[in-house]
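In what follows, a single structure is set out as structure tokens and then discussed.
The values are calculated or read from the model by the stated rules, or taken from the named source; none is laboratory data. All of these numbers come straight from a predicted model, not from anything done at the bench. Neighbour counts are summed over all protein chains in view; Cβ atoms, including those assigned to glycine, are modelled from backbone coordinates with ideal geometry. Calculation scope for accessible area: heavy atoms of the full protein, side chains included, ligands and nucleic acids excluded. Shrake-Rupley method; radii C 1.70, N 1.55, O 1.52, S 1.80 Å.
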Amino acid sequence: MVYYALLVGAELDGLTNLQPSGGCDDPSFPYYLKLKCENCGEVTAKSTYVTLSEQVDLPKGHGTAHLVQKCKLCGRDGTIVMIPGQGTPLTIEQSQKEEKTCLMVFDCRGYEPVEFSFGAGWKAESMNFLSMMRRENARLS
Ligand SMILES: [Zn+2]
């Protein structure tokens, strides 16, 4: 079992707390990933997405996963289970330090995530209110 943390960095200009529109654990937010088969090295041509609200039964054994997909080349099954509760939004402080934040953790078996696409459905907070507050304070002091 291998855990992959999705680390995201971005240049935020006047914005902070970049995250999926319903938060990192937004049940309907699709995380788009390109996957590489650990068996034969084939990379999926298109991104597949996983969302917390969509679960499928594992082909063998018990339990569920957020993605069960057969490799097109070698036919081996790979699974992804999302681990919620680990993500934090990207702040302007992290952005300025060129740091990244972890948004989601994936437990991948048989696949290695090699690419993440942003897609739609993100939100960030405007910093304008904060900078206005700062100006107000400056005027008072
Ligand atoms: Zn394969």
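Can you give me the number of residues within region 1-16 that are outside any loop (DSSP other than H, G, I, E, B) and out of contact with any Lys or Arg (no Cβ under 8 Å at 6 or more places or on another chain)? Please lay out each step first, then the result.
In the first step, residues of region 1-16 are kept if they are outside any loop (DSSP other than H, G, I, E, B); the result is 2-8, 15-16.
Next cut, out of contact with any Lys or Arg (no Cβ under 8 Å at 6 or more places or on another chain) only: 3-6, 15-16.
Qualifying residue count, region 1-16: 6.
Can you work out which of the residues in region 61-76 that are in contact (Cβ under 8 Å) with a residue 12 or more places away in the chain and assigned to a loop (DSSP other than H, G, I, E, B) is nearest to residue 104 (Cα to Cα)?
Of everything passing the filter in region 61-76, 66 is nearest to residue 104 (Cα to Cα).
For the subset of region 35-69 comprising residues that are at pLDDT below 95 and among the basic types (Lys, Arg), which member is nearest to residue 16 (Cα to Cα)?
46
What number of residues within region 84-101 are open to solvent by 30 Å² or more (accessible area, probe 1.4 Å) and either touching a Pro at 6+ places or on another chain (Cβ under 9 Å) or not in a helix (DSSP H, G or I) (or both)? Talk me through it step by step, then tell me what you get.
Within region 84-101, the first condition is being open to solvent by 30 Å² or more (accessible area, probe 1.4 Å), and the residues that meet it are 84-86, 88-89, 91, 93-94, 96-100.
From what's left, either touching a Pro at 6+ places or on another chain (Cβ under 9 Å) or not in a helix (DSSP H, G or I) (or both): 84-86, 88-89, 91, 97-100.
Residues in region 84-101 being open to solvent by 30 Å² or more (accessible area, probe 1.4 Å) and either touching a Pro at 6+ places or on another chain (Cβ under 9 Å) or not in a helix (DSSP H, G or I) (or both): 10 in total.
Would you check if residue 47 is surrounded by fewer than 13 Cβ atoms within 10 Å (Cβ to Cβ) and either in contact with a Gly (Cβ under 9 Å, 6 or more places away or on another chain) or at negative phi (or both)? Spell out the reasoning first.
Details: surrounded by fewer than 13 Cβ atoms within 10 Å (Cβ to Cβ): no; either in contact with a Gly (Cβ under 9 Å, 6 or more places away or on another chain) or at negative phi (or both): yes.
For residue 47, the condition - surrounded by fewer than 13 Cβ atoms within 10 Å (Cβ to Cβ) and either in contact with a Gly (Cβ under 9 Å, 6 or more places away or on another chain) or at negative phi (or both) - is not met.
State yes or no: is residue 81 in a strand (DSSP E or B), within 16 Å of the ligand (Cβ to nearest atom), of a type in the set (A, V, I, L, M) and under 14 Å from residue 112 (Cα atoms)? If you could, list the steps in order and put the result at the bottom.
Working: in a strand (DSSP E or B): yes; within 16 Å of the ligand (Cβ to nearest atom): no; of a type in the set (A, V, I, L, M): yes; under 14 Å from residue 112 (Cα atoms): yes.
When the stated conditions are applied, residue 81 does not pass them.
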